[in-house]
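Below: the structure, in structure tokens.
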Amino acid sequence: DKLEVSATVARLADAETMTVRIGCRGCVVSSVVTVYRTPSVGPSDFLVDLEAFLPSLPPNSVVVGDLSFDLNPDNKIDHHSLEFLRIMSCNGFYNLINTPTRFGNFKTSLLDHLFLSKAFIVTCFHVQ
């Protein structure tokens with residue numbers, strides 16, 4: 001079977017996304033979605049758009065990027081970050097990063113995220 005790859009760029013409220021869909025013979029096998037959300041604008045509209053967008057992805061999907069939600073458990077997690085986690089979880093996505101991704105002089109943060117859909121099958125292999 002011939003592998004087919006397509007990419008689309010979309011805008012969610014206050015965010016840029018690119019979705020790469022991978023499949024064969026018209027059947028999408030997986031999607032990788034990259035997201036950048038600017039921290040300078042409030043997240044409410046983005047959360048509404050994200051909740052509408054996620055169900056359109058195939059079961060084997062990855063969402064990765066700088067979404068500007070600080071999920072570092074050492075910091076106070078605000079209600080928008082909790083709503084973000086709820087939306088991801090309710091749409092079958094599991095967070096793989098739970099340690100800080102940014103280190104400042106006075107604070108560490110976890111702003112860069114990698115979510116796998118729970119249906120995603122991860123196969124381990126050894127490269128020599």
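So the values come out like this:
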read-out: Yes/no for Val20 being within 12 Å of the chain's Cα centre (by Cα), within 30 Å of Leu3 (Cβ to Cβ) and open to solvent by less than 60 Å² (accessible area, probe 1.4 Å); value: no
read-out: Subset of segment 68-82 that is among the aliphatic types (A, V, I, L, M) and surrounded by fewer than 17 Cβ atoms within 10 Å (Cβ to Cβ) - its residue that is nearest to Pro55 (Cα to Cα); value: Leu82
read-out: Every pair of residues 6+ apart whose Cβ atoms lie under 8 Å, when the first sits in segment 30-52 and is over 15 Å from Asp70 (Cα atoms) while the second is of a type in the set (Phe, Trp, Tyr) and at pLDDT 90 or above; value: Leu50/Phe84
read-out: Residue within segment 114-127 that is in contact with an Asp or Glu (Cβ under 9 Å, 6 or more places away or on another chain), closer than 19 Å to Thr17 by Cβ and surrounded by 15 or more Cβ atoms within 10 Å (Cβ to Cβ) present; value: no
read-out: Segment 83-113, subset of a type in the set (A, V, I, L, M) and open to solvent by less than 60 Å² (accessible area, probe 1.4 Å), residue nearest to Asp49 (Cα to Cα); value: Ile87
read-out: Answer residue from segment 7-17, given it is open to solvent by less than 60 Å² (accessible area, probe 1.4 Å) and not aliphatic (A, V, I, L, M) and is nearest to Phe69 (Cα to Cα) among those; value: Asp14
read-out: Leading residue by the ranking (nearest to Leu12 (Cα to Cα)) among those in segment 48-67 that are in contact with a helix residue (DSSP H, G or I) (Cβ under 9 Å, 6 or more places away or on another chain) and surrounded by 19 or more Cβ atoms within 10 Å (Cβ to Cβ); value: Leu50
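One line per residue, one yes/no per condition, for (1) in contact with a strand residue (DSSP E or B) (Cβ under 7 Å, 6 or more places away or on another chain); (2) among the aliphatic types (A, V, I, L, M); (3) over 20 Å from Thr101 (Cα atoms):
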site	(1), (2), (3)
Ser6	yes, no, yes
Arg21	yes, no, yes
Cys27	no, no, yes
Ser44	no, no, yes
Ser56	no, no, yes
Val64	yes, yes, no
Ser81	no, no, no
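The values are calculated or read from the model by the stated rules, or taken from the named source; none is laboratory data. Note that the coordinates shown come from a computational prediction; the quantities given were computed from them, not determined experimentally. Cβ coordinates were reconstructed from backbone atoms using ideal geometry, including for glycine residues, and neighbour counts include every protein chain displayed. Side chains included, ligands, DNA and RNA excluded: accessible areas come from the protein's heavy atoms. Shrake-Rupley method; radii C 1.70, N 1.55, O 1.52, S 1.80 Å.
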